[in-house]
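Before any comments, here is the structure.
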Amino acid sequence: MTVAVAAGVLRTLHRMHRQLADLADQLAAGPRAVAARTRQVQAAEAKKAAAADELKKAKVAADQKQLQLKSAESKILDLERKLNACKTNREYQTLRDQIAADRMATQVLEDEIIEALERIDALKPAVPAADVEIDAARKGLAEAEAKMRAESGRLEAEVARVRADLVAAEKDLADDVREKYDRLVKQKAADAMAAVDGDTCGGCYQQITGNMLSEMMLGKIIACRSCGRLLYLPESTASA
């Protein structure tokens, strides 16, 4: 095999493997984008659920405070009615003190209810805001899904074309190289080959010997002793 042929075969195969790797990345990009958009929708829905739950708890707390206030007011009315039935000054004064204490407690409850209602007002906007965020996230998801569907057919057709060209190009490999090539491609895919860069491997950048370069100039296909990649000479060198 001449220098130009040996280098040309590997160069072509390397280019095709890199094309396949790039197409695989493009194909994987669609599902990744859809997955990311799905997570955004889920996060927005969880945010809404949390906001709704917090609002619900705030309303329950406010309702409980109002029930406590209603019960306290009923108790005060009951104590006031009992004042007229008191038989001693001591009993009368005890009830008066209890009523005063209960009135102070109701004032505290009234303040707490106002705070609870203010908290509800502050929490209410979070739910519709979360709805807006959900709508935007779902729109983004739909766009990502549509793009993936539109691109997948074209990309899969391109993969099939390149694979067919690859199979045809692999027939130009010598039998004594094909076994090593198949093994390396299975392990490293597009990284199974590398162009020589000066006197170094273009894959791992380790220096290659003068003897290796000489063998390549004679048309032999050799592997880098450091990374194992099959090496080929740049087009300018191979055709010189």
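The values are calculated or read from the model by the stated rules, or taken from the named source; none is laboratory data. In this text, all values refer to a predicted model and were calculated from it rather than measured experimentally. Note that each Cβ is placed from the backbone with ideal geometry, even for glycine, and that neighbours are counted across all protein chains shown.
Listed values, structure above:
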| item | result |
| --- | --- |
| Residues located in segment 196-236, provided they are among the basic types (Lys, Arg) and in contact with a Pro (Cβ under 9 Å, 6 or more places away or on another chain) | none |
| Residue within segment 151-164 that is without any contact (Cβ under 8 Å) to a residue 12 or more places away in the chain, assigned by TED's automatic domain parsing to the domain that holds Arg32, farther than 30 Å from Leu230 by Cα and loosely packed, with under 13 Cβ neighbours inside 10 Å present | yes |
| Qualifying positions in segment 10-35 - in contact with a strand residue (DSSP E or B) (Cβ under 8 Å, 6 or more places away or on another chain) and of a type outside the set (A, V, I, L, M) | Arg11, His14, His17 |
| Some residue of segment 158-167 being farther than 30 Å from Gly219 by Cβ, at pLDDT 95 or above and hydrophobic (A, V, I, L, M, F, W, C) | yes |
| Checking Arg11 against (1) of a type in the set (D, E, K, R); (2) in contact (Cβ under 8 Å) with a residue 60 or more places away in the chain; (3) closer than 30 Å to Ile134 by Cβ, the condition it does not meet | (3) |
| Output for segment 82-100, where each listed residue is assigned to a loop (DSSP other than H, G, I, E, B) and among the β-branched types (Val, Ile, Thr) | Thr88 |
| Qualifying residue in segment 176-183 (condition: among the aliphatic types (A, V, I, L, M), in a helix (DSSP H, G or I) and at pLDDT below 95) | yes |
